[in-house]
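The values are calculated or read from the model by the stated rules, or taken from the named source; none is laboratory data. Just so you know, these numbers come straight off a predicted model, no measurement behind them. Note: ideal-geometry Cβ built from the backbone for every residue, glycine included; neighbour counts use all protein chains shown. Remember, those area values only see protein heavy atoms, side chains included, never the ligands or the DNA or RNA. Shrake-Rupley method; radii C 1.70, N 1.55, O 1.52, S 1.80 Å.
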Amino acid sequence: VMLIRLDPDTILYSAAITACEKGGQWQLAQSLLLGMSSHSLVPSIVSYNAAISASGGVGHWQSAMSYMHQLPVEMVLSSDVTYHAAISACEKAGCWSRSLTLLQKLSREQRNMNEIPFNAVISACATSSKTWGLAIAVLAKMLQSGVQPTHVTLSAAVTACEKTSRWQLATKLLRVAPLKRLQADCMSFNAAIGACARNNRWEACLALLRNKMPFNSLQPDEISFNSAVCLNDTSEWQAQLQLLATMREADLAPSGMCWAHVLTSISKASCRATCRQILENLRESWADSWKASTSGKLPFLSKGTHCLEQSLGVMAV
């Protein structure tokens, strides 16, 4: 191993740049890195990595890539952290193509890869419905490379499935997770529930919510219930009301979108008298939440209330 003796000032600069990274001060980190050259100091790999991470943390992937290109070849070859920081920078900025290119370069150089770059690329690809397939392909490559996925990996992959409503693949990923020694978290289950709801797979939604999550020692949260209630099938309005009752018992608040789906469902599936009675029951049971929802703070309610107005022939709220 080649040892490089660092000037004390270089060490101080590197420490200062690292501090800027931790504090999210990317512009100050940039100034310090530039200041080293003006003082005839050669930045270390630590200095560059910290500057890359600082820029990437706020989505300035161009600066991060610029620092990487400034690095001497021997420094880049000696540090996996540099690649990881650059890939994370691209991921935070949504630049999935550049993050994927860097990952492929890492793979070609046959480095000892861990879950960090894979997770970053999968997360970047999961942000768009157009690149969900790449997210799954990178997951497959991760497993093929012998890298152990984490709950972050699983969450990103299931989220990619949710973006494109691929509920079967989302639920399959959750089923095989234990075989890969993976513990799914609430985020993964919520994404799968959302994918099932978009496809009107009510039974699958309930199975995840009432069976699979408790089996995995997970307590459904507001997102879990809201995702399930926001089913596109208005014929399930009675089951939606049952979930609202469960939310009431758990002291969980429906979202504006959740209310909109429930109100739309009951207005389309009930006679006028039944609709009025349900509306009054909801107002009474959810007095605090209803007041907040009808104060203009939750614009998603407009669609649901409009449907109720048409059904009742009067102003619903």
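Give me a count of the residues in the range 164-175 that are within 19 Å of Leu218 (Cα to Cα) and open to solvent by 50 Å² or more (accessible area, probe 1.4 Å). Summing the residues that are within 19 Å of Leu218 (Cα to Cα) and open to solvent by 50 Å² or more (accessible area, probe 1.4 Å) in the range 164-175 gives 2.
Figure legend. Inter-residue proximity from the range 125-138: first residues more than 12 Å from Ser165 (Cα to Cα), second residues among the aromatic types (Phe, Trp, Tyr) and open to solvent by less than 40 Å² (accessible area, probe 1.4 Å), beta-carbon distance below 7 Å, spacing 6+ or different chains. Indicated pairs: Val138/Phe118. Quick check on the range 239-248. Is at least one of its residues without any contact (Cβ under 8 Å) to a residue 60 or more places away in the chain and under 27 Å from Ala156 (Cα atoms)? Yes: the range 239-248 contains one or more residues that are without any contact (Cβ under 8 Å) to a residue 60 or more places away in the chain and under 27 Å from Ala156 (Cα atoms). Taken over the range 195-214, the criterion of being open to solvent by less than 20 Å² (accessible area, probe 1.4 Å) and either more than 22 Å from the chain's Cα centre (by Cα) or over 15 Å from Lys172 (Cα atoms) (or both) is satisfied by Ala197, Leu209.
Quick check: anything in the range 176-189 in contact (Cβ under 8 Å) with a residue 12 or more places away in the chain, open to solvent by less than 30 Å² (accessible area, probe 1.4 Å), of a type outside the set (A, V, I, L, M, F, W, C) and not in a helix (DSSP H, G or I)? Among the residues of the range 176-189, not one is in contact (Cβ under 8 Å) with a residue 12 or more places away in the chain, open to solvent by less than 30 Å² (accessible area, probe 1.4 Å), of a type outside the set (A, V, I, L, M, F, W, C) and not in a helix (DSSP H, G or I), which makes the answer no.
Restricting the range 245-266 to residues that are polar (S, T, N, Q) and over 10 Å from Glu222 (Cα atoms), the residue that is surrounded by the most Cβ atoms within 10 Å (Cβ to Cβ) is Ser265.
For every residue, the table says whether it meets (1) modelled with pLDDT of 75 or more; (2) open to solvent by 20 Å² or more (accessible area, probe 1.4 Å); (3) on the phi > 0 side of the Ramachandran plot.
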site	(1), (2), (3)
Leu3	no, yes, no
Ala15	yes, yes, no
Ala29	yes, no, no
Val46	yes, yes, no
Pro72	no, yes, no
Lys105	yes, yes, no
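Determine whether Ala137 is among the aliphatic types (A, V, I, L, M), in a helix (DSSP H, G or I) and surrounded by fewer than 20 Cβ atoms within 10 Å (Cβ to Cβ). For Ala137, the condition - among the aliphatic types (A, V, I, L, M), in a helix (DSSP H, G or I) and surrounded by fewer than 20 Cβ atoms within 10 Å (Cβ to Cβ) - is met.
Among the residues of the range 77-91, are any at pLDDT 80 or above, open to solvent by 40 Å² or more (accessible area, probe 1.4 Å), within 23 Å of the chain's Cα centre (by Cα) and under 17 Å from Ile122 (Cα atoms)? Yes: the range 77-91 contains one or more residues that are at pLDDT 80 or above, open to solvent by 40 Å² or more (accessible area, probe 1.4 Å), within 23 Å of the chain's Cα centre (by Cα) and under 17 Å from Ile122 (Cα atoms).
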